[in-house]
Amino acid sequence: MTAPGSPAPIRVLVVDDQELVRSGFCVILDAAEGITVVGEAANGEAAVSQVAEHGPDVVLMDIRMPGMDGLEATRLITGGAPGRSAGSGPATPPKVVMLTTFDLDDYVYEALRAGASGFLLKDSPRHDLIAAVRAAAAGDALLAPSVTRRLIEAFARRPPETSPSPSQLASLTARERDVLLLLARGRSNSEIASVLFVSEATVKTHVGNLLAKLGLRDRVQAVILAYETGIVVPGTPPD
């Protein structure tokens, strides 16, 4: 039970077709302070239904499952959480953290495009699992260095003519573009603050502003847009 005056617990839905894996995640998360598991599902279709019923803040989503896989379920969930009625959960779709066995999973890029806020290896330590849920709930991206490399490699293989126009970034100030560039280079808020000689609070403000101007959900989408528009080119050194 949540103590009076304390923040509401982070509500989590766990989705994995392996019952032992799913149960293990549930036990770990339910034992963590400030986190509660509101449901579990064995496939994507059940996950979409559970999101509509329970309105979780964060969904831990396996990628490869029979029937509807994690990619399709993530598209449906982050695209507006179909079927959710007023009062059944948060007004905004939950954040999705993808569960994968290998950090070089073939579906990394597709999952991020589908709306995932990050990745977590299934064999990660329990403190990483708990930290991932808290980071996602707070709106932070969760991308391991190996996953970031995979994302960059995916863009390096794309034909140049498929890239969107840089005009999407026209609304940003020069400083916001600087912050976006550093985000795409994988820098944390504290690292960006050090590079730009500003406070971390100022960086958070810039990040919030650029996400709002570009209509983006989180830092992951900002990184993707930076590569798509060419503000960062794979293989080039940082300025």
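The values are calculated or read from the model by the stated rules, or taken from the named source; none is laboratory data. The model shown is predicted, which means the values in this text are computed figures rather than measured ones. Cβ atoms come from the backbone with ideal geometry, glycine included; neighbour counts cover every protein chain shown. The accessibility values were calculated without ligands, DNA or RNA, using every heavy atom of the protein model including side chains. Shrake-Rupley method; radii C 1.70, N 1.55, O 1.52, S 1.80 Å.
Points worth noting:
- Counted as qualifying within segment 105-187 are the helices (runs of 4 or more DSSP H) with 1 or more residues that are open to solvent by 40 Å² or more (accessible area, probe 1.4 Å) and modelled with pLDDT of 80 or more, namely 126-137, 174-184.
- Filter result for Val27 (touching a His at 6+ places or on another chain (Cβ under 7 Å) and either part of a loop (DSSP other than H, G, I, E, B) or open to solvent by 20 Å² or more (accessible area, probe 1.4 Å) (or both)): no
- Residue check, Thr229 among the hydroxyl-bearing types (Ser, Thr, Tyr) and open to solvent by 50 Å² or more (accessible area, probe 1.4 Å): no
- Considering residues of segment 188-216 that are assigned to a loop (DSSP other than H, G, I, E, B) and within 23 Å of Thr78 (Cα to Cα) only, the residue farthest from the chain's Cα centre (by Cα): Gly215
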